[in-house]
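J.: Once you've had a glance at the structure underneath, I'll fire off some questions.
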Amino acid sequence: MPEDERSPSAPDVSEGPAPSHADWLSLLESGDVEVEGRMPWSSNATLLVTVRLAASEGRAIYKPGEGERPLWDFPDGLFRREVAAYELSSALDLDVVPETVWRAEAPFGVGSLQRFVDADFEQHYFTLVEKPRYLDALRVLAAFDLLANNADRKGGHVLVDAEDHLWGIDNGLCFHPAPKLRTVMWDFAGERLPDAVLAGCETLRYAMPERLVPLLAEEELAGLERRATELLETPSFPAPDLDERPYPWPLV
């Protein structure tokens with residue numbers, strides 16, 4: 001991404017210790033939202049905002065429902081799937097999606113609000129996969145995408161932050177009941193799925209996370225349960241089916 005089109009770094013939520021998970025959720029759920037501008041290269045409304053609550057402040061990505069373009073293969077409500085992806089990651093202790101909340105009160109109406117990841121934007125999936133220290137984390141994210149049925153995992157949707165932690169962003173095209181996997185992350189084909197994701201699949205076979213249920217339609221929840229069962233029965237990464245559409249566009 002060109003230097004003049006990058007977003008500014010996200011400030012700390014507070015001046016003291018690094019903000020906790022709970023700090024970010026509180027800020028995103030209750031803070032005042034001020035729009036800074038629109039993120040480049042976004043097909044739907046994707047806004048950089050500053051969120052303030054008392055003395056705390058941080059940047060976030062706001063995706064209002066009113067800014068979504070209709071899609072032929074996905075129902076509306078992509079923003080709720082952004083929240084659902086976070087709730088799934090959180091419930092299974094995978095930590096692959098930044099804190100994301102549903103906001104009913106925001107400048108352009110109901111939408112999702114996600115912590116802005118202060119990342120090294122020169123890095124993306126295709127650079128990270130060449131570095132052995134990231135491979136285990138990439139496997140977890142790739143397996144999460146299998147479970148969530150991510151239909152749009154571009155290389156630029158994989159970020160690495162200052163603590164060397166990997167995050168998957170732009171998760172609105174997930175949870176379709178029909179097979180829709182489109183991803184650049186095919187390098188692990190044939191390998192066993194990570195144990196952490198398989199443990200999560202075992203959990204999903206018996207109960208859906210409480211906070212996930214109101215975010216997804218019944219057929220989306222049924223599809224998630226079905227995929228969890230299938231991954232347990234065949235616990236390895238698939239290879240791309242070239243008769244389908246296995247890659248997103250653009251790739252980065």
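Nothing in this text is a laboratory measurement; each read-out follows from the coordinates by a stated rule. Being a predicted model, the structure only gives us computed values, none of them experimental. We place every Cβ from the backbone using ideal geometry, glycine too, and count neighbours over all the protein chains shown.
J.: Counting only residues 5 or more places away or on other chains, whose amide H sits under 5 Å from the amide H of E99 once H atoms are built in the peptide plane?
T.: Distant-sequence amide H within range of E99: R115.
J.: Here's something else I'd like to know. Each residue of the range 165-180 in turn: what ³J(HN,Hα) in whole Hz from Karplus with 6.51, -1.76, 1.60 and θ = phi - 60°, glycine and Pro shown as x?
T.: Ordered by residue, 3J(HN,Hα) equals 8, 9, 10, x, 10, 6, 10, x, 8, 10, 6, 5, x, 8, x, 9 Hz.
J.: Please list, by residue number, every one of the chymotrypsin sites (Phe, Trp or Tyr not before Pro) in the range 159-245 that is coil in DSSP and has at most 11 other beta-carbon atoms within 10 Å. Please list the in-between numbers first.
T.: Values: sites: W167, F175, W186, F188, Y206; in loops: F175, W186, F188, Y206.
Here the sparse-neighbourhood loop sites are Y206.
J.: Could you line up K63, K180, K131 from fewest to most neighbouring Cβ atoms inside 10 Å? Spell out each step's value before the answer.
T.: Values: K63 26, K180 18, K131 11.
Lowest count first: K131, K180, K63.
J.: Now a separate question. How high is the relative contact order of the range 76-207? Use alpha-carbon pairs under 8 Å, at least six apart in sequence, and give a whole percent. Don't skip to the end; give the middle numbers.
T.: Numbers: 187 pairs, mean separation 36.2, N = 132.
It rounds to 27 percent for the range 76-207.
J.: Do any GluC sites (Glu not before Pro) in the range 22-106 lie in a DSSP loop with no more than 16 other beta carbon atoms within 10 Å, and if so, which? All intermediate terms of the calculation are to be shown ahead of the outcome.
T.: Working: sites: E29, E34, E36, E57, E66, E68, E82, E87, E99, E105; in loops: E68, E99, E105.
Here the sparse-neighbourhood loop sites are E105.
J.: R0 = 30 Å: FRET efficiency of A189 with S43, Cβ-based, nearest 0.05?
T.: Numbers: r = 29 Å, r/R0 = 0.95.
With R0 = 30 Å, the Cβ-Cβ based efficiency is 0.60.
J.: With only Lys, Arg, Asp and Glu charged, each at its Cβ (+1 for the first two, -1 for the last two), find how big the charge dipole of the chain is about the Cα centre; round to the nearest 20 debye. Display every interim value, and only then the final one.
T.: Details: 23 positive and 46 negative charges, 95 e Å.
For this selection, approximately 460 debye.
J.: Pop the C-beta distance of E219 and D161 into the FRET formula with R0 = 30 Å and round what comes out to the nearest 0.05. Please list the in-between numbers first.
T.: Numbers: r = 35 Å, r/R0 = 1.16.
So the FRET efficiency works out to roughly 0.30.
J.: Same structure, new question: Name the lysines eligible as straight-distance cross-link partners of K131: C-alpha to C-alpha under 24 Å, and not fewer than 8 places from it in the same chain.
T.: K154
J.: Which is farthest toward the positive dipole end of the range 129-226 among L224, P179, A196, measuring Cα position about the Cα centre, with Cβ charges +1 (Lys, Arg) and -1 (Asp, Glu)?
T.: So the residue furthest toward the plus end is P179.
J.: Separate question: Counting only helical runs of four or more DSSP H residues, what would the 222 nm mean residue ellipticity of the chain come to if each run contributes -39,500 (n - 2.57) and the total is spread over all its residues? Kindly include the intermediate steps, with their values, before the conclusion.
T.: Numbers: 6 runs with 68 residues, N = 252.
Taken over the chain, the calculation gives -8000 deg cm²/dmol.
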